[in-house]
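Below is one structure, written out as structure tokens; the observations come after it.
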Amino acid sequence: MGDYEHSATVRHDADRLFEYLAEIGNLPMYFEAMITAEQTGDSEVRVVADVEGERREGTAWLRADRQKRAMSWGSEGANNYHGELQIADNGDDSATVRVTLHTVRADGPGIRAGLEQTLANIKRQVEGSSTERTS
């Protein structure tokens, strides 16, 4: 069983950052290994991911709380997989993004690396660039 946590400071407005991260269509742009994500219900998302070289498809639940700037997600199954992303406003046009993850699958180094890469992806995409969509 494993509980994992990683955080990073991002130079971006906390509210705008949360709006970008909470947009379902943006999930594959920053969540490491996620290929596609499509909302199929109020809090249901269909995802396709590349997990250790294996394509996996399924549904997961995802909830966003804009007031708390928090997203939580999980999926049914033997791994008891669920996580949360929270954004704290640092008050200086920067925010701290914290991701926690719980799974009964014990693959510490791989999971830690995935969390670190996810936060690196977020930093790369939002620092010095717009989070607004362009057509």
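Other residues with beta-carbon under 15 Å from the beta-carbon of Ser72 carry, at +1 per Lys or Arg and -1 per Asp or Glu, a net charge of -2. When you filter the GluC sites (Glu not before Pro) in the stretch 1-106 for DSSP loop state and at most 15 other Cβ atoms inside 10 Å of their Cβ, you are left with Glu23, Glu52, Glu76. Mean sequence separation of contacting Cα pairs (under 8 Å, at least six apart), scaled by the length of the chain, corresponds to a relative contact order of 33 percent. To the nearest ten degrees, helix 108-126 and the longest principal axis of the Cα atoms of the chain are 30 degrees apart. In the context of the full protein assembly, Ile35 retains an accessible surface of approximately 80 Å², using a probe radius of 1.4 Å and ignoring ligands and nucleic acids. Restricting the trypsin sites (Lys or Arg not before Pro) of the stretch 30-66 to loop positions (DSSP other than H, G, I, E, B) with no more than 11 neighbouring Cβ atoms within 10 Å leaves Arg66. Surface composition of the chain: carbon plus sulfur atoms contribute 44% of the solvent-accessible area (1.4 Å probe, protein chains only, all chains present). With all protein chains in place and ligands, DNA and RNA left out, the 1.4 Å accessible area ranks Thr36, Thr118 as Thr36, Thr118, largest first.
Sequentially through the stretch 57-72, phi angles give Karplus couplings (6.51, -1.76, 1.60; θ = phi - 60°) of 10, x, 10, 9, 9, 8, 10, 10, 10, 5, 5, 8, 6, 9, 10, 10 Hz, Gly and Pro residues having no value and appearing as x. Within the stretch 1-19, list the residues whose amide N lies under 18 Å from a label point set 7 Å along Cα→Cβ of His102. Within reach of a label on His102, which here means backbone N under 18 Å from a point 7 Å along Cα→Cβ, the stretch 1-19 contributes 1-6.
In this structure, the amide hydrogen of His12, modeled 1.01 Å from its nitrogen in the peptide plane, lies closer than 5 angstrom to those of Ser94, Ala95, counting only residues at least 5 positions away or on a different chain. With a cut-off of 14 Å between beta carbons, the residues surrounding Arg46 carry a summed charge of -3, where Lys and Arg count +1 and Asp and Glu -1.
Normalised per residue, the accessible area of the stretch 1-103 is 57 Å², obtained with a 1.4 Å probe and no contribution from ligands, DNA or RNA.
The values are calculated or read from the model by the stated rules, or taken from the named source; none is laboratory data. Since the model is a prediction, treat every value here as computed from it, not as a measurement. Positions of Cβ are generated from backbone atoms using ideal geometry, with glycine treated the same way; all protein chains shown enter the neighbour counts. Just the protein is used for accessible areas: all its heavy atoms, side chains included, with ligands, DNA and RNA removed. Shrake-Rupley method; radii C 1.70, N 1.55, O 1.52, S 1.80 Å.
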